[in-house]
Amino acid sequence: MEIYLKQFREKHNLSQREVAESIGIDQRQWSRYENGINEFPIRYLKQICKKYRVSADELLGLEWADKKDQ
């Protein structure tokens, strides 16, 4: 499952450092999540959804997948 971390971050004109600091992690760790090196922990999902003002379904790509299936 692709998580749209980078796409939403860029859409909001934020740096990796800004997003990482907002949830209390290091920029290098955020980069690993964006690049799929490390799995994105569910514990940050709510914070990121609030920051980007999107649903978890949107962030996880589930809404787009549903639209493709119709």
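The values are calculated or read from the model by the stated rules, or taken from the named source; none is laboratory data. Nothing here was measured: the structure is a model prediction, and the numbers come from that model. Glycine gets a Cβ as well: all are built from the backbone with ideal geometry, and neighbour counts include every protein chain shown. Note: areas computed on protein heavy atoms with side chains; ligands, DNA, RNA excluded. Shrake-Rupley method; radii C 1.70, N 1.55, O 1.52, S 1.80 Å.
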All conditions in (1) of a type in the set (A, V, I, L, M, F, W, C); (2) in a loop (DSSP other than H, G, I, E, B); (3) surrounded by 15 or more Cβ atoms within 10 Å (Cβ to Cβ) are true of residue 19 except (2)
Run residue 7 past the list (1) touching a residue at least 40 places away in the same chain (Cβ under 8 Å); (2) open to solvent by 50 Å² or more (accessible area, probe 1.4 Å) and report the number of the one that doesn't hold. (1)
The conditions are (1) open to solvent by 30 Å² or more (accessible area, probe 1.4 Å); (2) touching a helix residue (DSSP H, G or I) at 6+ places or on another chain (Cβ under 9 Å), and residue 13 fails exactly one of them. Which is it? (2)
Cβ-Cβ under 7 Å pairs, at least 6 apart or on other chains, the range 32-47 side in contact (Cβ under 8 Å) with a residue 24 or more places away in the chain and within 12 Å of residue 3 (Cα to Cα), far side hydrophobic (A, V, I, L, M, F, W, C) and assigned to a helix (DSSP H, G or I): 33/5; 34/5; 40/5
Those residues that are assigned to a helix (DSSP H, G or I), of a type outside the set (Phe, Trp, Tyr) and under 24 Å from residue 63 (Cβ atoms), I need them from the range 22-52; list them, please. 22, 23, 34, 42, 43, 45, 46, 47, 48, 49, 50, 51
